[in-house]
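Worksheet: one structure, shown below.
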Amino acid sequence: MLWADSESRTTRQPDASVDRSGWLDRALVAASLLVLTAGYRTVVEGNDWWITTLLVTLVATLTCAVLRGLGVRLVAPFAAVVLFVTIVWVFVPETLAAGFPTPSSVGALSELVESARVIIVEEKAPVAAARGIVLLVAVAFGSLVVVADAFLELRRAPAWIGLLLLGVFAVPAMVSGRTPGFWLFVVAAVPWLVMLHVGRTSSRGSAVGNQVPAVLIAVVSLAGALVLPTVAPDIRAAAASWGDPPPSVFGRGINPMLELGQNLRRNSTAVALTYTTTAEVPPYLKVATLRDFTGKTWIPGSTLPADRFEGRIGLREGIETTMDTTRITIEGLDSTMLPVPYVAQDTNGLEGVWRFERMGMTVRSESTDTSGQEYSVNSLTITPTAEQMRQLSTVIGPSLQPYVDLPDEVPPSIARTAREVTSSAPTDYDKALALQSFFRSGEFRYSETAPVADDYDGNGLSVVAEFLERKAGYCVHFASAMAVMARTLDIPSRVAVGYAPGRSVGLIDGEPVYENTSDDLHAWTELFFEGAGWVRFDPTTSIGSATLFDEPAMEGSEAPSDANSQTPRGERNEGSATVGDEATASGTAPRTLAVTGVVVMLILAGPAVVRELRRRRRLRSSTPDSLWRELEDVCRDLGLDVPDTDTPRGFAGRLENRPGVDADALERLLHQVEIARFARESTSDAGPATTRDAVSLTAGLRAGTPRPDRWRALLLPRSLGPRPVTARPTYLDEHMPA
């Protein structure tokens, strides 16, 4: 036999301990990264993004580990492809064709990235878990796994991995200005220290002396994490540039409906103004009136020649009115539009030139702003009874036509819902009450984050239709939806933007002082009734107060519970975060779980399936050469390398004394191979007997190998990868003759 001559040309596969060490290193890195994701809760709200990121990270980790196990040298390109396909399946599955990404997949992902960029630029952390934001976080951590896998192949892998983890730990502090807790650093550092220890002991032995550097690094690192935050510069200064404050809602040339949501979601609360009033209840303060609806948004309207005067003119006889005075002090509002109660009649104490807009009775200036202004407003409060409201009928003439205009393409669900809600309402007033109650009855929920997270933020027709289905949003969605639904019923409507009733913060001369902050920014609906004028209806659940005029049978009785259901300031954002979490929990996480399950099964079962298909193809071909290749690949799968320079007889010489090998069957197969390769005339078909010999040999090799190695050969067949240049002996080599 020629086994001794050929052994010098044989290279070995990595042994089981090396394989286990590679898998352990990747598992430890993934564990550290997943622990560090907890620190990003100061950057992104909710849990959906965390679940999605965890699962995408798992896919990336398994991909890299399996590719390394197969002996693939360039892991990063293959892992990047798997990561890209997984991301497409999770975030834009509608762009797939037969399960594969298409050019439109790239465009759809680009749109999500752009939406995330807008959120990052315009909002302060923590931001809502919008799909674009979740996409960026998931891709970032999946890519970090691929980078870490490349680092693990470097000579000083633990040092590079440590720097990578330190950077991941520092990012949340740079974005939000809040450093993650010390214990998060400790827990994330433990897997890294284990990797450092395993690497040192596997390469140098486990002597105590060799463990001292690892212990020293651990002590220095943890002590540094504890001491550094107390002596380092304030990180909040670096974080200030992340997410510029949104533009003022009432800035010059700005559409309030477009900026209201961003200002409500800002994480800092600023006092806008304080006021006292002679009114029985603190009034809404209106800043802008939005009449024109483009189908995509509401925009402020200017006074038209046909616009009616608002106030006493046109009031039906017998409707009660009172004149109230509100004294307002501007604290932190810089705008050319003045907050005033409706219906404002005159102002006193203003500096600069201001003018009334006949449409909406708002006040604005072309040359002055509200900064530092102290002024009083006399306003008319109109309070008809419910019976009077039901007696009013409105005729749509030229002056009211702009208030019922809608684009041609209105989603059918909007008009259908309006008809269903008001089907039993006999008058316009009852229809208005039905619409208001529909939104405030408890079926809808207030959330500033759900529309952003689920990609239906805004106030256009498509957004209104989506809002009616999802039943979660903030004042912009409620006010816009009620105004559009009213127009489908031929009730003139418009949207008002300003401040919900303020919160009492003290007394001055026995009068309560009310305060409005940026949290009180609000939008509501105004409907027109001939003889009563424009009447406020606030459909936003849990905010402000519902409009409900006195019924004859209800005089002296207690008003319905939602008549004054003002949500205390500070609870809005807390409550909305909860709703937002619930809304986004049904976003990408469930789909990610399903996709991850499929991808993990493909990653784990894929190599075995491909290997089995190759085996069956070779056995069906029944050529000596294909059967010999199968025998070589089985040996490679089980741990014995087969160099291309080896001869069949030299390789057979090393196999004949192995446990489970039938020497006679090996000799017969070798004879057929040598005939096929070297004889002048030979048949390519080996025949059933030769095929049985090949099957017997491969089965005997597997039977003579320990079970862990057999499982390893099944799940991670080395024969699918390139032939290694160098390796160490394995169990198979230990049983080769010396």
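The values are calculated or read from the model by the stated rules, or taken from the named source; none is laboratory data. In this text, all values refer to a predicted model and were calculated from it rather than measured experimentally. Backbone-built Cβ (ideal geometry, glycine too); neighbour counts: all protein chains shown. What goes into the accessible areas is simple: the full protein's heavy atoms, side chains included, and nothing from ligands, DNA or RNA. Shrake-Rupley method; radii C 1.70, N 1.55, O 1.52, S 1.80 Å.
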Order of exposure, largest accessible area first, which applies to Trp49, Trp354, Trp23 with probe 1.4 Å
Trp23, Trp354, Trp49
At a Förster radius of 30 Å, what calculated FRET efficiency corresponds to the Cβ-Cβ distance of Glu351 and Asp292, to the nearest 0.05?
0.45
What does the charge add up to near Arg629, with Lys and Arg as +1, Asp and Glu as -1, over the other residues with Cβ less than 11 Å from its Cβ?
+1
Determine the order of Glu351, Glu357 by accessible area, beginning with the largest, at a probe radius of 1.4 Å.
Glu351, Glu357
Taking a crude spin-label model, label points 7 Å out from Cα along the C-beta direction, the Asp509 to Val598 distance in nm is 7.2
Taking a virtual spin label 7 Å from the Cα of Thr278 along the C-beta vector, which residues in the range 334-364 bring their backbone nitrogen under 18 Å of it?
340-350
With label points set 7 Å from each Cα along the Cα-to-Cβ direction at Val113 and Ala140, the distance between them in nm comes to 1.5
Note the full-extension length gain between Glu320 and Glu153 as 0.36 nm times their separation in residues minus their Cα-Cα distance, in nm to one decimal.
51.8 nm
Using a Förster distance of 60 Å, the FRET efficiency for Phe84-Arg649 (Cβ separation, nearest 0.05)
0.80
What shape does the range 450-537 have by the C-alpha gyration tensor, where a ≥ b ≥ c are the square roots of the eigenvalues, rounded means a/c under 1.5, and otherwise prolate means a/b greater than b/c and oblate the rest?
oblate
Counting only protein heavy atoms and rolling a 1.4 Å probe, one gets per residue an accessible area for the range 413-490 in Å² of 31
Protection proxy ranking of 669-677, 599-607, 127-135, 512-520 - average other beta-carbon atoms within 10 Å, highest first
127-135, 512-520, 669-677, 599-607
Residue-normalised accessible area of the range 86-200, expressed per residue, 1.4 Å probe, Å²
44
Which of the peptides 275-282, 628-635 is most tightly packed, and how do the rest follow, going by the mean number of other Cβ atoms within 10 Å of each residue?
628-635, 275-282
Solvent-accessible area, 1.4 Å probe, carbon plus sulfur percent, for the range 59-179:
73
